[in-house]
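J.: Okay, here's the structure, questions in a sec.
The values are calculated or read from the model by the stated rules, or taken from the named source; none is laboratory data. Computed from a predicted model, the values in this text were never measured in an experiment. Virtual Cβ from ideal backbone geometry, glycine too; neighbours counted across all protein chains shown. To get the accessible areas, we keep the full protein, side chains included, count just its heavy atoms, and leave off ligands, DNA and RNA. Shrake-Rupley method; radii C 1.70, N 1.55, O 1.52, S 1.80 Å.
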Amino acid sequence: QVQLVESGGGLVQPGGSLRLSCAASRIAFSIYAMQWYRQAPGKQRELVATITSGGSTNYTDSAKGRFTISRDNAKKTVDLQMNSLKPEDTAVYYCKAWYHPLSYWGQGTQVTVSS
């Protein structure tokens with residue numbers, strides 16, 4: 001079955017950077033839009049960034065100017081470069097592959113921003 005595996009999470013100080021990666025398998029990766037979501041404790045899961053199959057990107061307001069989503073179709077990976085991290089970025093980050101009506105989720109990776 002389709003697998004999405006996130007990596008790269010961890011503990012970082014405010015102002016620091018992290019790069020998350022999501023590796024996909026058993027999927028026609030290049031046709032899928034790829035997204036990063038996050039879910040903080042006690043909050044709903046929210047969309048952070050999207051990259052379409054054609055490479056167009058979109059970001060939530062809180063991510064604009066700080067986060068960059070990118071994809072490598074040959075490697076079947078999607079990355080999220082996160083800079084200038086803030087404590088409010090603390091959450092479990094999930095990647096999602098979407099090609100209507102199909103969607104697949106990874107298991108998530110924890111990002112904690114704290115001094």
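J.: Can you name every residue in the stretch 74-113 that is among the aliphatic types (A, V, I, L, M), within 13 Å of Glu6 (Cα to Cα) and touching an Asp or Glu at 6+ places or on another chain (Cβ under 6 Å)?
T.: Within the stretch 74-113, no residue meets the criteria.
J.: Would you mind telling me which numbered condition in (1) open to solvent by less than 20 Å² (accessible area, probe 1.4 Å); (2) under 15 Å from Tyr104 (Cβ atoms) Val5 fails?
T.: (1)
J.: Can you tell me which residue is farthest from the chain's Cα centre (by Cα) among those in the stretch 74-91 that are touching a residue at least 60 places away in the same chain (Cβ under 8 Å), assigned to a strand (DSSP E or B) and crowded, with 18+ Cβ neighbours inside 10 Å?
T.: For the stretch 74-91, the residue satisfying everything is Met82.
J.: Look through Arg71, Arg38, Arg66 and report the one residue that is surrounded by 15 or more Cβ atoms within 10 Å (Cβ to Cβ) and over 11 Å from the mean Cα position of the chain (by Cα). I'd like the intermediate steps shown before the answer.
T.: Numbers: Arg71 fails: over 11 Å from the mean Cα position of the chain (by Cα); Arg38 fails: over 11 Å from the mean Cα position of the chain (by Cα).
Within the list Arg71, Arg38, Arg66, the selection yields Arg66.
J.: Any residue at all in the stretch 97-114 that's out of contact with any Ser or Thr (no Cβ under 9 Å at 6 or more places or on another chain) and surrounded by 20 or more Cβ atoms within 10 Å (Cβ to Cβ)?
T.: Within the stretch 97-114, one or more residues are out of contact with any Ser or Thr (no Cβ under 9 Å at 6 or more places or on another chain) and surrounded by 20 or more Cβ atoms within 10 Å (Cβ to Cβ).
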